[in-house]
Amino acid sequence: MQRLVSTVALVAVLGGLVGYIYYLDTREPAPPENAPQKAFASVEADAIEELRIVAGGETTRLAKAEGGWAIVEPVRADADAGEVSSITGSLSSLEYDQVVDEKPADLKPFGLDPARIEVAFKVKGQSAEQRILIGEKTPVGENLYAKLPGSPRVFLVQSYIDSTFNKSTFALRDKAVLKVDRQKADGLELKAGPAEIVLAKSGDNWSLVKPIAARADYAVVEGAIERLASGQMQALAEDQDAPPSRYGLDTPTATMTIKSGSSSATLLLGKTENAVVFAKDTNRPVIFTVAPTLRSDVVKDVGEFRRKDLFDFRSFTATHVEFTRGAETQAFDRTKEKDGKDVWKAAGGKTLDATKIEGLLAQVSGLRALSFDSAPHPSLKTPVLAVKAVFEKGSDTVTFGRAGADVYASRSDEPGSAKLDAASLDEAIKALDALK
């Protein structure tokens with residue numbers, strides 16, 4: 001009987017222990033002391049529809065519209081989408097992890113009376129503003145003092161938010177110098193003094209239209225358009241229409257236009273003052289300043305816009321090539337054998353060494369201009385070599401002349417002449433001789 005009682009007692013103790021352990025495991029853990037807390041609970045960045053930023057003596061109001069965010073006070077202008085996204089994102093995730101004073105007698109030591117920065121916002125479906133006040137940095141500079149208007153407590157937030165919230169009206173506006181759809185650009189027009197350059201895009205290729213008709217360098221043209229389309233205002237000179245002569249815009253030093261189908265966007269550059277250039281988008285009344293490098297990055301000599309490759313064909317696209325030196329012409333054709341293999345043959349039917357012909361074609365198709373001249377060089381009247389290449393999308397005809405140590409070339413479909421590296425032509429001629 002005594003043994004039975006002991007057994008029952010042990011079972012009871014064991015059951016109690018198991019129950020206690022289960023209680024400890026399932027109980028909600030207590031939050032650690034000074035655990036981070038959300039400043040604004042349940043606020044999603046996408047739900048914020050209005051903002052009010054007070055910083056540096058300026059008050060800026062912004063509102064979300066169908067086309068994006070816009071500044072509505074003190075001026076009306078498109079807002080910088082990146083800046084607004086950073087603010088709304090920071091508001092939704094803002095946390096504080098230390099309360100420095102539950103009920104301070106004076107807010108001035110914290111830079112909160114008046115607040116150095118105030119950020120207010122409204123979320124969709126709510127008419128009341130939510131606000132946060134930002135004060136000075138702590139003595140060690142790692143945090144900022146802050147408080148919510150409905151609570152007396154002063155707490156700390158991370159100092160990085162200063163660069164997010166401390167924004168002037170200008171900092172919050174869209175500072176793009178031109179409003180363009182970069183991906184649809186199909187024309188570029190540049191005027192500087194008497195010089196005028198016009199470029200047009202057809203398919204994937206850019207061409208010079210004025211002052212000459214010639215192939216254009218795709219990378220150079222796209223780079224100029226990208227630089228212009230991504231150009232940023234440095235400061236605002238006038239927010240409304242002002243006399244153009246005040247800023248040298250009545251006689252612009254440069255006019256730069258990006259075309260997209262029937263629409264266009266034009267930037268005028270005026271006078272330079274204090275290392276900045278006054279500028280104006282002709283579609284807007286504002287006058288602003290830009291970096292002087294904007295002009296040099298976009299407005300270039302016509303030769304810089306020309307395509308430097310003398311040939312359009314490549315070794316893998318050519319189907320027929322002719323090399324003429326004096327009265328001698330060597331012609332080669334690419335044919336397909338019965339087994340489907342491509343081979344190159346000379347005019348008499350001789351099959352050429354694949355490595356040698358591919359090397360020759362690579363040398364020739366890789367010839368590039370170093371510079372251009374508007375007139376044909378005299379040496380081209382007595383050429384040392386003429387090359388005709390037929391390829392899948394067209395043909396190239398290029399003539400080469402030599403004057404002393406210099407070599408010049410001219411395409412049959414382009415004006416003027418090009419100067420090129422003499423050694424590169426010599427290597428190509430050596431590769432041609434190797435096929436004899």
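Here are a few things to note about the model shown:
- Inside the range 45-59, residues that are free of Cβ contacts under 8 Å to residues at least 60 places away in the same chain and in a loop (DSSP other than H, G, I, E, B) make up a count of 1.
- Among the residues of the range 108-140, those identified as open to solvent by 80 Å² or more (accessible area, probe 1.4 Å) and assigned to a loop (DSSP other than H, G, I, E, B) are PRO114, LYS124, GLY125, GLN126, SER127, PRO139, VAL140.
- Residue count for the range 119-137 under the criterion of being farther than 17 Å from PHE165 by Cβ and of a type in the set (Lys, Arg): the result is 1.
- Across the range 225-243, the qualifying residues are those that are over 19 Å from ARG295 (Cα atoms) and either of a type outside the set (S, T, N, Q) or touching a helix residue (DSSP H, G or I) at 6+ places or on another chain (Cβ under 8 Å) (or both), and the one among them that is least open to solvent (accessible area, probe 1.4 Å) is ALA242.
- Matching entry among ALA405, ALA375, ALA423, ALA428 (being under 30 Å from ALA213 (Cα atoms), open to solvent by less than 20 Å² (accessible area, probe 1.4 Å) and out of contact with any Pro (no Cβ under 6 Å at 6 or more places or on another chain)): ALA428
- Output for the range 297-327, where each listed residue is part of a strand (DSSP E or B) and of a type in the set (S, T, N, Q): THR319, THR324
- Any hit, the range 347-357, residues being over 44 Å from the mean Cα position of the chain (by Cα), open to solvent by 80 Å² or more (accessible area, probe 1.4 Å) and without any contact (Cβ under 8 Å) to a residue 12 or more places away in the chain: yes
- Being open to solvent by 60 Å² or more (accessible area, probe 1.4 Å) and out of contact with any His (no Cβ under 6 Å at 6 or more places or on another chain) is a description that applies to LEU370.
- Picking from residues in the range 378-402 that are part of a strand (DSSP E or B) and among the polar types (S, T, N, Q), the one that is surrounded by the most Cβ atoms within 10 Å (Cβ to Cβ) is THR399.
- Some residue of the range 178-201 being touching a residue at least 60 places away in the same chain (Cβ under 8 Å), part of a loop (DSSP other than H, G, I, E, B), in contact with an Asp or Glu (Cβ under 6 Å, 6 or more places away or on another chain) and under 19 Å from GLY82 (Cα atoms): yes
- Residue in the range 300-318 that is farther than 30 Å from GLY401 by Cβ and of a type outside the set (Gly, Ala, Ser) present: no
- Tabulated pairs, the range 283-296, first assigned to a strand (DSSP E or B), second of a type in the set (Ser, Thr, Tyr), C-beta under 8 angstrom, 6+ apart or interchain: ILE287/TYR247
The values are calculated or read from the model by the stated rules, or taken from the named source; none is laboratory data. No experiment lies behind these values; they were computed from the predicted model shown. Neighbour counts run over all protein chains shown; Cβ positions are idealised from the backbone, glycine included. Just the protein is used for accessible areas: all its heavy atoms, side chains included, with ligands, DNA and RNA removed. Shrake-Rupley method; radii C 1.70, N 1.55, O 1.52, S 1.80 Å.
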